[in-house]
Structure formats: structure tokens, C-alpha cells
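Just below is one structure, and these are the notes that go with it.
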């Protein structure tokens, strides 16, 4: 009996912690092997980021295995348990499960896989990506490894120019007086640990520059040359990494030394220091399209007519949205709202209106999918809705018409209470009401 229980427990552990074993042709990836296996590889990779509890991921598993077997020796098929290895998921902006990325010529900028989820569709998508990669190599547009020819970095890991060389002369100006958040490595050229960190630091610098648009920077100080800086910050061993945020005391970096670990910490710093996203009223096509195109998800609310709520009621709804935008600012989603009836094509394409107002939907413009808020339009209700979406639990539907709806150009709300239309006065002085009554009789 005890033996049987042990077997069942072992099986349960395997089920919870991973879908793939050493006997599968799917290569399990993690922060320890990702850089060497993928980023330094000349191969084309299709990589699934999954969570063991995700039902869609469970259904994908047999097809992912079949595709891996069919593509063995041609295209590499990998899988990352992003629930366990959150640093890798964060590094590549994984917001839902399963997410499939194509790592081709430029390993620092993988493409989203947009094909079907059957084994046949996966194989076809992989071969299409492979043909494109080979065509680019023939035309000389790629360096043939995980980096461009212009990168100048080693091991296909990034561009050395993205690591800012910091000195006694420029440190205060760039780091202490700048608006960016800095991660600074203090190193010694003879230090073996520093040499091993260098390619990881370089790769992370390029990734962080791209993903934060320069708001978080990675720098390096040769502490044997700039001993004044090393002394000022109490550097005793190498490499030492410190975090500098404007107006705050420097903080010791205690995380891992892989590219994934460094990028994950940088993204946390970026999110913590970023202002909440703006909440825009949908008044024309440009605002709607740019917000939804630039964000993985755009959260759209349709609020009651101003005559139904007045300014105070509308502002209370907008305040709830602003609080949620602040709470979820790390996701870098877009936030929009419209008045009921002002954007009828939008309401129709999202199925809004059947549940009354206010209503809310989350739109994925890349996949032309949306999900509707079924709970209350409150901090609790919206939090539960967005939390489920962020971990891949929300139900979705296709946007009506298969394209983003046409947006009407309307005047922006002036922040005031609504006014009823002025009724036209009718002059009845020339009308003999008695005669009208006689005619009717």
C-alpha cells in the first residue's frame, strides 16, 4: 500500500511540475541553460512558455511533443515552465499561457508565433520561419547566430556599447543626477568571476535597453582604475553590483548572475519607477488604435451616459479605473473609456450592452480576441477579472468582424454635468384652441 501511495505521489509531482521528460523531443529550458542552449545557438527555436495548472497548456502538450519529434534535427522545440521560472517569463513579457515565441536570427528579439496549435500547424509555422531565416542568410541580412553582425558583443548575447563605461568624471552626472535607474557593476579586469559575468551583463544590457526604452541602464566601473568610486561605495570584492535610483541611497543587488536574473530585476525596477498609464477617452480612431496596437492588452470601459450619472458618478468610475491602472502598471497595458452610445460599432463588436453599463472588456489587438468583465465594476471585481486574464484563466471570444471596429470622432467630455437638450418654445398665441376642439367633434 505504501509503495502504491509513493508511486501516486511521484506521478502527481511530475504532473504538477512539468509536462515533458528526458524521453521527449521537447527540450526543457530554464534560467541555467537558456543562454547557452538558445541565445548562443545558430538553430531556429520554437519555445512554449507554459504553466502546469493551465488547461490550454495541458491540451497543447501532445501536439507540442508530436511537432518536436517531426522537427527533430531541423528546428528545435523547447518549453519553459514560466510558473516556476518567472524570471524567464518576465524577460520575454509573458502575460498568458501558453505563449509561443520564435527565436530566429536575432535571439534578443523573438517573434510571437501566431499560427494554430495542432501539431500540423506548428510544423508548418516552424518551416515557414525556417525558410525565412535561410532566405535572410542568403541575402546576407543576418549574422547567422543569435545576434546581428553589428552587435559587437560576444556569444551572440548583446552589444557591448549598451553597457555604459562609468568613470570618476562621468559617474555623478550620468548616474546620480540622471533620471534613469542604474544597475552598476564594479569589476576588476583580473577577476575570474567578473570575466564570467561579462557576457551575461552585456546581453542583459541590450535586452534591458530595448524593453525599458532606456529608462533602466546597465553600467560598469573598473574599480582598479577608478578607486575613488570604489572607495566611496565601500567596494570590497568583485564583481559587486549596486542599484542607483535618483534621490535614494544605493542598494546592493543580491540576485542571480544570469542574463535572465539581471533582466528580471531590471524590469521590476522599471515597473516600480514607472508612472501609471494614462486613461484616455476614446474620441477618435487614432487614440483607440495606437493604444491597443502598442499594448498587449487594452482595457476598455463603456461608462453610463453623463445624464445618468452626472460628473461625480462618472468620476467615481474613472477613479476606480485609475486605481486599477496603477495596480497593474507593471503589465504596461493600455486603458481607455467611452460613453455609452458614443461608439456603437465598438460596443457591438465586443458584445457590450447586454449586461448594462458600466461595462468593461480587455482586448488583445494582435490576436483579435477580447474578454468581458462579468463581475462588478469595482476595485474587487475588476481586480479578479484582470488577475484571471494575467494568468491565462479568462475566457475569450473573437472580436466581431475579425478586425478592430471603426471609431467615431466625438467631442471629449468637458468634465461637467450633462445638460438636457433645450426644447424649442412653440408660440400658440395665434391658435384658437376652442375651434380645434369643435373641429374634432
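The values are calculated or read from the model by the stated rules, or taken from the named source; none is laboratory data. Note that the structure is a prediction, hence the values are computed from the model and not measured. With ideal geometry, Cβ positions are generated from the backbone for all residues, glycine too; neighbour counts draw on all protein chains shown.
Just for region 79-104: of the residues that are over 28 Å from residue 395 (Cβ atoms) and at pLDDT 85 or above, which one is surrounded by the most Cβ atoms within 10 Å (Cβ to Cβ)? Among those residues, the one meeting the criterion is 103. The set of residues in region 282-302 being out of contact with any strand residue (DSSP E or B) (no Cβ under 6 Å at 6 or more places or on another chain) and farther than 24 Å from residue 112 by Cα consists of 283, 284, 285, 286.
Residue by residue, here is whether (1) in a strand (DSSP E or B); (2) over 23 Å from residue 35 (Cβ atoms); (3) outside the structural domain of residue 93 (by TED's automatic domain parsing) holds:
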site	(1), (2), (3)
174	no, yes, yes
190	no, yes, yes
202	no, no, yes
219	yes, no, yes
230	no, yes, yes
234	no, yes, yes
243	yes, no, yes
246	no, yes, yes
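Mind listing whichever residues of region 340-376 are over 15 Å from residue 297 (Cβ atoms) and touching a helix residue (DSSP H, G or I) at 6+ places or on another chain (Cβ under 7 Å)? Before you say what the answer is, go through the steps one by one.
Kept after step one, since they are over 15 Å from residue 297 (Cβ atoms), are these residues of region 340-376: 340-349, 351-359, 374-376.
Residues satisfying the conditions are 348, 349, 353, 358, 375.
Counting just the residues of region 240-290 that are in contact with a helix residue (DSSP H, G or I) (Cβ under 9 Å, 6 or more places away or on another chain), under 23 Å from residue 322 (Cβ atoms) and surrounded by fewer than 17 Cβ atoms within 10 Å (Cβ to Cβ), which one comes out modelled with the highest pLDDT? Looking at residues that are in contact with a helix residue (DSSP H, G or I) (Cβ under 9 Å, 6 or more places away or on another chain), under 23 Å from residue 322 (Cβ atoms) and surrounded by fewer than 17 Cβ atoms within 10 Å (Cβ to Cβ), I get 278. Only one of the listed residues (295, 316, 290) is under 27 Å from the mean Cα position of the chain (by Cα), without any contact (Cβ under 8 Å) to a residue 24 or more places away in the chain, outside the structural domain of residue 87 (by TED's automatic domain parsing) and closer than 25 Å to residue 362 by Cα. That residue is 290.
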